[in-house]
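Here the structure is laid out as structure tokens; the discussion comes afterwards.
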């Protein structure tokens, strides 16, 4: 019974393509997040949604667009992929609205490689 | 601005030895501090967190960390390492002024026989 799941696990694509990563949580949490972990393991928050409402939007290129069809899902769409987008993308969820002190539960990650 | 610094990107200990992973933070206001663990090919899992209650925080898997304001540190320790502790460990800080969780660059713990 996976708490936070992501698909796909691996994604290899060419520069300029558009791709999506899906995330689902079955914990009943209200808040979901997207993080990017680069090749040096540096982890940085990108977005946060609470019950389908965007509450954190860090400085990321507008080629990245999160979409939350319902509070259990938060997808990440990336347009015009660039080499620098290669990273591991983690989805996470927490129970409380915007409370980053609350325990976050992470998915297994999606390793994106842009060729 | 808030930040965390993890000293040592790679730490190697023998099985049964003390584990000490160092984390120093920078924050102009009282912080909340976290340690997360990442096992190979998995997401992060919370080990423990400090939220201004007791300065010595006990977490899962026998880990604990002590908040020392005078040293701006939140080092992670475990008395006796086990092979299953081999993983990447991340320290993170949250302050309300920044409204985001800032992670350190991680420390890879290797446990040898």
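Listed here are the strands (runs of 3 or more DSSP E) enclosed by the range A:23-85 that have at least 1 residues being away from every other protein chain (no Cβ under 14 Å) and either buried (at least 19 other Cβ atoms within 10 Å of the Cβ) or free of Cβ contacts under 8 Å to residues at least 24 places away in the same chain (or both): A:43-50, A:53-57, A:64-70, A:73-78.
The set of residues from the range B:1-50 being within 24 Å of residue A:107 (Cα to Cα) and outside any strand (DSSP E or B) comprises B:6, B:9, B:39, B:40, B:41, B:42, B:43. Among the conditions (1) in contact with a helix residue (DSSP H, G or I) (Cβ under 8 Å, 6 or more places away or on another chain); (2) closer than 15 Å to residue B:22 by Cα; (3) exposed (fewer than 15 other Cβ atoms within 10 Å of the Cβ), residue B:78 misses just one, which is (3).
Residue pairs whose Cβ atoms lie under 6 Å apart, separated by 6 or more positions or on different chains, with the first residue in the range B:22-48 and on the phi > 0 side of the Ramachandran plot and more than 10 Å from chain A (Cβ to nearest Cβ) and the second in a loop (DSSP other than H, G, I, E, B) and buried (at least 23 other Cβ atoms within 10 Å of the Cβ), do not occur. In summary, residue A:10 fulfils each of the numbered conditions (1) more than 14 Å from every other protein chain (Cβ to nearest Cβ); (2) at pLDDT 95 or above with the single exception of condition (1).
Do we find that residue B:99 is more than 9 Å from chain A (Cβ to nearest Cβ) and either modelled with pLDDT under 95 or closer than 29 Å to residue A:56 by Cβ (or both) in this structure? Here the answer is no, as residue B:99 does not meet what is asked.
The values are calculated or read from the model by the stated rules, or taken from the named source; none is laboratory data. Bear in mind the structure is a predicted one, so any value in this text is a computation, not a measurement. Methodologically, a virtual Cβ is constructed for each residue, glycine included, from the backbone with ideal geometry; neighbour enumeration extends over all protein chains shown.
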